[in-house]
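The values are calculated or read from the model by the stated rules, or taken from the named source; none is laboratory data. All values derive from a computational prediction rather than experimental measurement. Cβ placement follows ideal geometry from the backbone for every residue including glycine, while neighbour counts extend to all protein chains displayed. Just so you know, the surface numbers come from the protein's heavy atoms only, side chains and all, with ligands and any DNA or RNA stripped out. Shrake-Rupley method; radii C 1.70, N 1.55, O 1.52, S 1.80 Å.
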Amino acid sequence: MASSYPLPCACRGAASRRRLLPSSPSYLLLRAPSSSLVPAPRRWSSERSSCGGAASFLGRMRRKSPWRDGRKDSRVSSCGVAGSLGGGLADGSSILGEEEEDEVEEAQEDDEALESSFSPERWDVLGLGQAMVDFSGMVDDGFLQRLGIEKGTRKVVNHEERGRVLQAMDGCSYKAAAGGSLSNTLVALSRLGRHSIGGRDLKVAMAGSVGSDPFGGFYRAKLRRANVNFLSEPVKDGTTGTVIVLTTPDAQRTMLAYQGTSSTVLYDSSLASLISKTNILVVEGYLFELPDTARTIMKACEVARESGALVAVTASDVSCIRRCFDHFWEIIGGYADIVFANSAEARAFCEFSPAESPVAAARYLSHFVPLVSVTDGPQGSYIGLKGEAIYIPPTACSPVDTCGAGDAYASGILYGVLRGTSDLKSMGMLASRVASIVVAQQGTRLRVNDARELASSFADSFECSGVYSDSGSDFSAF
């Protein structure tokens, strides 16, 4: 359907609020014509959050770091854990599980390097997001109907509701993982970065909020084994959030989220220091739903801008966008360099009807954000820039579990940015392939062997352009 929205843009206002994105051959100059204006969504105040006209370059990225990897999912019997989880682990019982083969392999290979990577001069990527322990399993439609759960939705539940669902899962097996949308992306990125050819390992970290309960310890330890350093201290006497992911045979996922009592992410000098030593700050959209966290996100983005880091934002969920619309647009309009969304989320950002095409949404958003990634399931995806959209065809696969597909796609885009690819189409194709591999398996994480093969197969496509400095020179803007 043809878009009724005017096309080239030059937004009013805060040009000074954006850094210039990279001027290496890896990125196109994202300069929009100034002949006409594209109106911002009606619900967002352009006086408060106008963008600087996309007259930015995707800024320089450095690569560095002794990185490694390991698969983080643990298979857990619901009899051993679900009952304890339903009771909130009041007895302090531990989480049982067995490490999977690739995690053991990587841990043995990299124990010494892991210790040396905790305090790098700079982080390539720092993710700011929800720290949630995921419990994922396969169920049939009847299971959802018996519990009165609407298929394909994401619902926030309380402690009692969480316990009821887990009790219903007794006798089944499922996986426990250091989950959350953002952590899926970070683990995949670290694995791609660990196994790339001709480039240094990437240093990847996460900040968020976990409790001092066993689930918090589980989360930190599992991310560390996957070579994503969780840098925030646990909240004393806090409880860690959990997400139950129920996947039906048609590969549709239903999510039940319990936020716990440690769900607020606070801004402090420690977080500011981490961001000031980061090349890309990735903000998870789900954070906007947490108490007082929008304020933290705004301050974090200001520090990122001042220190020359790029800001990437994940849309997370349509309902989240609708509830936190103004907060999202404050960041998108004033700070974001990269936005990740699926087609429904992109339309929600634009206030488009369901009849509008994802390519129209990608084009529209690219007037406000230098680089936009919009996925459209089996139809493919789009990379939007300068009011246009590059189509990325889908990678053929037989879907088993769609959970984590968008997270995996985002890791491919970030990998391309960090490696300085000169070809946006190749970047999108890598992202598509990463997503297709994750969709074709049970579980949300890119496996180590798959990451190795992907990084190798795309080595020729990603031409390192010299924007990185092995000597550790500053990540600069133009």
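For this structure, a couple of remarks:
- Protein accessible area in region 219-318, 1.4 Å probe - carbon and sulfur %: 48 percent
- Relative contact order for region 233-287: 29 percent, from Cα pairs under 8 Å spaced at least 6 residues apart, divided by residue count.
- The length gained by stretching the chain between Glu150 and Gln441 to full extension, at 0.36 nm per residue less their Cα-Cα distance, is 102.4 nm.
- Percent of Cα pairs in region 269-337 per distance bin of 5 Å, from zero to the largest separation: 3, 18, 32, 24, 14, 7, 1.
- Label-point separation in nm, Ala459 to Ala221, each point 7 Å along Cα→Cβ: 3.6 nm
- Alpha carbon Rg of region 151-231, scaled by the compact-globule rule 2.2 N^0.38 Å: 1.37
- Compared with the alpha-carbon gap, the fully stretched path from Arg295 to Gln379 is longer by 26.6 nm at 0.36 nm per residue.
- Backbone N under 20 Å from the Asn449 label point (7 Å along Cα→Cβ), restricted to region 394-432: 397-401
- Summed residue charge, Cβ within 10 Å of Gln130's Cβ, Lys/Arg positive, Asp/Glu negative: -2
- Of the cross-linked pairs Lys151/Lys222; Lys222/Lys277; Lys151/Lys425; Lys151/Lys203, those separated by over 32 Å at the C-alpha level are Lys151/Lys425; Lys151/Lys203.
- Per residue, the solvent-accessible area of region 290-449 (1.4 Å probe, heavy atoms of protein chains only, all protein chains present) comes to 28 Å².
- Per residue, the convex hull spanned by the Cα atoms of region 197-264 amounts to 128 cubic angstrom.
- Extension gain from Glu351 to Glu388, taking 0.36 nm per residue of separation minus the Cα-Cα distance: 11.5 nm
- Long-range amide H partners of Asp201 with built H, under 5 Å: Ser65, Trp67
- Residue list for region 404-421, given a label point 7 angstrom along the Cα-to-Cβ vector of Ala251 and an amide N cut-off under 17 Å: 404-410
- Probe 1.4 Å, all protein chains present, accessible-area order of Arg322, Arg305, largest first: Arg322, Arg305
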